[in-house]
Amino acid sequence: MTVPSVIDLSHHNSDPDFAKVASAGVVGIFHKATQGTSYVDPKFAARRAAAEKAGLLFASYHFLEAGNVSAQMAHYLDTVQPVYGERVCIDHEPLSGHPDPSIDDLRAAVAYLAADPRNLQVAIYSGHLIKDQVPSGAVDESLEATALWVAQYTTASAPSWPKATWPVWTLWQYTDSATVPGITGPVDGDRFNGSNDALRRWMGPAPAPSGYTPAHGRVRGVTQG
């Protein structure tokens, strides 16, 4: 059994035994934090604390809906309270029964996060939607500074992606049915395009400059009062 280096979770997954997950070889967890302008995943906070206690890297994602992008991103950051240099992610995919988020929605979300003074490290998760919206032969300058986490279930040795904007993919969600010790039921499995040491550096958080003192939020997993 090949255990993925990264798994992504939401409240739909059963509660993990994160010590077993870490012992199995998983390095990092992405967990859904928010969606739209008001939804918070009810499992997010407790699982963040438990995963970090088990020594796992942990990062969050926001499920982007169409419109109201500034309100969505404000809700996301208010919920997550990221530290300086934290890895954050925008989940950009279709939602059944709702309009798809547009490429302009995605650009606005990236711009909002990039403008945050905490130097957030932005990733984009997407599958066919990003391939439909970003031309394969043109560079999208609004997105090229982000990291691409591409979802594609294929027997090929690598996914396809818009290579002009992202010369390389960073994470590849290659399955939705990975088996991981410590978790009951299948989970989304992801491969990092590099070594585990590089994955640890990428998930971060990136080092804060000398003398940096957060005005609010978390300090490496600890919520400030």
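Exactly one residue among Leu77, Leu64, Leu57 is buried (at least 19 other Cβ atoms within 10 Å of the Cβ), over 16 Å from Ala109 (Cβ atoms) and not β-branched (Val, Ile, Thr), and that residue is Leu57. Of the residues making up region 137-193, those that are in a loop (DSSP other than H, G, I, E, B) and touching a residue at least 12 places away in the same chain (Cβ under 8 Å) number 32. Residues in region 15-33: is at least one aliphatic (A, V, I, L, M), touching a Phe, Trp or Tyr at 6+ places or on another chain (Cβ under 6 Å) and closer than 13 Å to Ile183 by Cα? Within region 15-33, one or more residues are aliphatic (A, V, I, L, M), touching a Phe, Trp or Tyr at 6+ places or on another chain (Cβ under 6 Å) and closer than 13 Å to Ile183 by Cα.
Scanning region 135-166 for residues that are among the aliphatic types (A, V, I, L, M) and modelled with pLDDT of 95 or more yields Val139, Leu143, Ala145, Ala147, Leu148, Val150, Ala151, Ala164.
Looking only at residues in region 38-61 that are out of contact with any Lys or Arg (no Cβ under 8 Å at 6 or more places or on another chain) and in contact (Cβ under 8 Å) with a residue 40 or more places away in the chain, the one that is nearest to Ala22 (Cα to Cα) is Glu52.
The values are calculated or read from the model by the stated rules, or taken from the named source; none is laboratory data. Please read all numbers here as calculations on a predicted model, not as lab measurements. Note that we place each Cβ from the backbone using ideal geometry, even for glycine, and neighbour counts take in every protein chain shown.
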